[in-house]
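Here's the structure we're looking at; comments come further down.
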Amino acid sequence: IKKIGVFTSGGDAPGMNAAIRAVVRTALYYNVEVVGIGRGYEGMINGEFYPMNRRSVANIIQRGGTILKTARSKAFMTPEGRKEAYNQLTNQGIDALVAIGGDGTFTGAKIFGEEYNIPILGLAGTIDNDLYGTDFTIGYDTAINTVTDAVDKIRDTAESHDRVFIVEVMGRDSGLIALRSGISIGAESIMIPETKTDIEALLNRLEMSRKDKSSRIIIVAEGEEDSGGAFHVADVIKNRFPTFDTRVSILGHIQRGGKPTAMDRVLACRVGVAAVEELLKGRKAEMVGLVHGKIAFTPFDHAIKHHVEINQNLLRIVEILSL
Ligand code: F6P
């Protein structure tokens, strides 16, 4: 391998810059050229290539977002788009790739790698933590800390006004942001797509704790559908308890920004170094993750398709501690 291309694709996540830096510096350490590709697959097709040196990635480890920018490319889903991308890579002399992103990114990487026999390794970069084959994805730790910080603030005002807050957090198909941030902020209840939502049970809990709690916070994952969404949950609560003062707060994209936590930076550095070292040894078509604290490799299709199991013990903890 002579020249590695690195790119970020899909939704951004804090720690992507730390991952780019790790890939660039590791490649240079092994005397391999490295090129940054702008705006993911879209930039690959349009020829957005930036030769990288050690200084190109200076002072980015602590920055949120991605210096390479990111996009969700429709063109890359077509054979013509991928052909153009391959032609562009060939013109640049790029003979291996590191893809940083989530399931859409790895779906593209799997197809592209097979079609053109180009070695690609992936780094899991998404706040959702919804990839199989890594305990945590880059960005997840920062996102749950952001949620914790935001909801602690909501708790202050909820407590002052004796209010019930329904807080919607991100997670398109996954409740993992809701689960850990819910534990961390001491949520009354969490609602996630992976488990059946029992609104009656929630109403009963609210009834039970009626006398001895002044504020209550219920965390609803964006992807949860059983309940009808945060506003609907608020309506149901208002109907049952007309005296409860109820508010909804949608945290939104603040969850995607901000300085990555130390855990996300270290994770990004570890998987970034491993990706380049393993590409040089001939590995391809796998996601590099961390399982039980050790570097682990998972074929792209497993990482995407295998469902991340919800830790039942964490759900039990919410139940026990919210009484
Ligand atoms: O996949 C990360 C994520 O933040 C999801 O949790 C969310 O549903 C989605 O991206 C939002 O995407 P967009 O920024 O395109 O609105």
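At a 1.4 Å probe radius, which order do His306, His161 fall into by accessible area, largest first? Please list the in-between numbers first.
Details: His306 80, His161 100 Å².
In descending accessible area the options line up as His161, His306.
I'd like to know how the chain sits against the 2.2 N^0.38 Å rule of thumb: what's its Cα Rg over that expected value?
Values: Rg = 21.6 Å, N = 323, 2.2 N^0.38 = 19.8 Å.
Expressed relative to 2.2 N^0.38 Å, the Cα Rg reads 1.09.
For Glu309 paired with Asp173, estimate the spin-label separation in nm (one decimal), with each label point 7 Å from Cα along the Cα-to-Cβ line.
Those two pseudo-labels are separated by 1.9 nm.
Hey, in the GNM for the chain with a 10 angstrom Cα cutoff, which one of Arg172, Arg240, Arg21 fluctuates hardest?
Arg240
Once Rh is set to the Kirkwood radius over Cα pairs, what Stokes-Einstein translational diffusion coefficient, in µm²/s, holds for the range 267-317 at a temperature of 37 °C and a viscosity of 0.692 mPa s? Provide the component values of the computation, followed by the final result.
Details: Rh = 12.5 Å.
Taking Rh from Cα pairs, D becomes 263 µm²/s.
Between His302 and Arg55, how many nm apart are label points set 7 Å from Cα along the C-beta direction?
4.3
Alpha carbon centre of the range 135-184 versus the range 213-285: separation in Å?
6
Just to be sure I understand: with springs between alpha-carbon atoms less than 10 Å apart, which residue in Leu251, Leu203, Leu68 has the highest mean-square fluctuation in the Gaussian network model of the chain?
Highest fluctuation among the options: Leu203.
Determine, for each peptide in 143-150, 209-216, the mean count of other beta carbons within 10 angstrom over its residues, then list the peptides with the highest first.
Values: 143-150: 22.2, 209-216: 13.6.
So the order, starting with the most tightly packed, is 143-150, 209-216.
List the pair-distance distribution P(r) of the range 174-279, using every Cα-Cα distance, as the percent of pairs falling in each 5 Å bin from 0 up to the bin containing the longest distance, rounded to whole percents.
Here the calculated profile for the range 174-279 is 2, 10, 17, 20, 15, 10, 7, 7, 5, 3, 2, 1, 0.
Taking 7 Å along the Cα-to-C-beta vector as the label spot, tell me the Glu80-Lys213 distance in nanometres, rounded to one decimal.
Rounded to a tenth, the inter-label distance reads 5.6 nm.
Using only the alpha-carbon atoms of the range 55-154 as identical scatterers, what base-10 log of I(q)/I(0) does the Debye formula give at q = 0.16, 0.25 Å⁻¹?
Reported log10 I(q)/I(0), two decimals: -0.84, -1.37.
Add -39500 (n - 2.57) for each DSSP H run of 4 or more in the chain, then divide by its residues: what number comes out at 222 nm, to the nearest 500 deg cm²/dmol?
Working: 11 runs with 137 residues, N = 323.
The helix contribution divided over the chain gives -13500 deg cm²/dmol.
Given a cut-off of under 8 Å on Cα pairs at least six residues apart, what relative contact order in percent is computed for the range 154-216? Please report the intermediate quantities before stating the final value.
Numbers: 44 pairs, mean separation 27.1, N = 63.
Taking the mean separation of contacting Cα pairs over the length of the range 154-216, I get 43 percent.
State the percentage of accessible surface on the range 179-299 attributable to carbon and sulfur atoms; use a 1.4 Å probe and exclude ligands, DNA and RNA. List each step's numbers first, then the result.
Details: 3140 of 5850 Å².
Looking at the range 179-299 in its full context, I get 54 percent from C and S.
When only the heavy atoms of the protein chains count and the probe is 1.4 Å, how do Asp128, Asp173 rank by accessible area, highest first?
Values: Asp128 15, Asp173 95 Å².
Largest accessible area first, the list is Asp173, Asp128.
The values are calculated or read from the model by the stated rules, or taken from the named source; none is laboratory data. Computed from a predicted structure; not experimentally measured. Glycine also receives a Cβ, built like all others from the backbone with ideal geometry; neighbour counts cover every protein chain displayed. What goes into the accessible areas is simple: the full protein's heavy atoms, side chains included, and nothing from ligands, DNA or RNA. Shrake-Rupley method; radii C 1.70, N 1.55, O 1.52, S 1.80 Å.
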